[in-house]
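The values are calculated or read from the model by the stated rules, or taken from the named source; none is laboratory data. Just so it is clear, the structure is predicted and the values come from calculations on it, not from any experiment. Backbone-built Cβ (ideal geometry, glycine too); neighbour counts: all protein chains shown. Each accessible area value is taken on the protein alone, full model and side chains, heavy atoms only, with ligands, DNA and RNA left out. Shrake-Rupley method; radii C 1.70, N 1.55, O 1.52, S 1.80 Å.
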Amino acid sequence: MRAEKCVILLSPALPIGMAANTAAVLSVTLGRLRPDMVGADVLDQEGGVHRGIITFPIPILAADEEQLRTLRRQAEVAGLTAVDFTDLSQGCRTYKEYIERMGRTPETALRYIGLALCGERKQVDHLTGSLPLLR
């Protein structure tokens, strides 16, 4: 059994398109932070290349805004890799705008809509084990 685990937590209030976008953004950032999680490229029978994908499943769980905020703080204390996504992030059209707006916004004013956690399996399970799958 793998000693590490990753999960993505999304607000169940998100419309499907925004939920998919949030999961994609969180996944790209996790891949940048943890390239070791991506497997080698593979070949099909005809020799066609298929790029490596993550080597283990990432469950997508439901968590409301307050749960996301609390889990983000707990993950930091536990030393887990945590990537958050907020309504501010979702509303920016450029990264420059994101940087500028985030610099003017206190953390307490952010509304969390997504969070990715990765780290030691027992710690991740302890924080997220009671959360339901996003449906």
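Numerical summary
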| read-out | value |
| --- | --- |
| Ser27 paired with Glu4, simple spin-label distance in nm, labels 7 Å along Cα-to-beta-carbon | 1.8 |
| Surface per residue (accessible, 1.4 Å probe) for segment 1-122, Å² | 60 |
| FRET efficiency estimate (nearest 0.05) - Cβ-Cβ, Phe56 to Ile99, R0 35 angstrom | 0.60 |
| Options (1) 56; (2) 62; (3) 73 - which one matches percent of Cα pairs over 17 Å apart as calculated here | (2) |
| Nonlocal amide H pairs with Ile113, under 5 Å, H built at 1.01 Å | Phe85, Thr86, Asp87 |
| Relative contact order, percent, segment 48-135 [alpha-carbon distance under 8 Å, six or more residues apart] | 43 |
| The chain - Cys residues lacking any other Cys C-beta under 4.7 Å | Cys92 |
| Degrees separating the helix 65-78 axis from the principal Cα axis of the chain, which is the longest one | 70 |
| Taking segment 1-89 and dividing mean pair separation by its residue count, relative contact order in percent (alpha carbons under 8 Å, at least six apart) | 35 |
| Sulfur and carbon atoms: percent of accessible area, the chain [1.4 Å] | 57 |
| Phi-based couplings in Hz for segment 18-31 (Karplus 6.51, -1.76, 1.60; Gly and Pro marked x) | 5, 5, 5, 4, 4, 4, 5, 4, 4, 5, 4, 5, 4, x |
| Sites matching trypsin sites (Lys or Arg not before Pro) across segment 19-79 that sit in DSSP coil, with at most 16 neighbouring C-beta atoms within 10 Å | Arg51 |
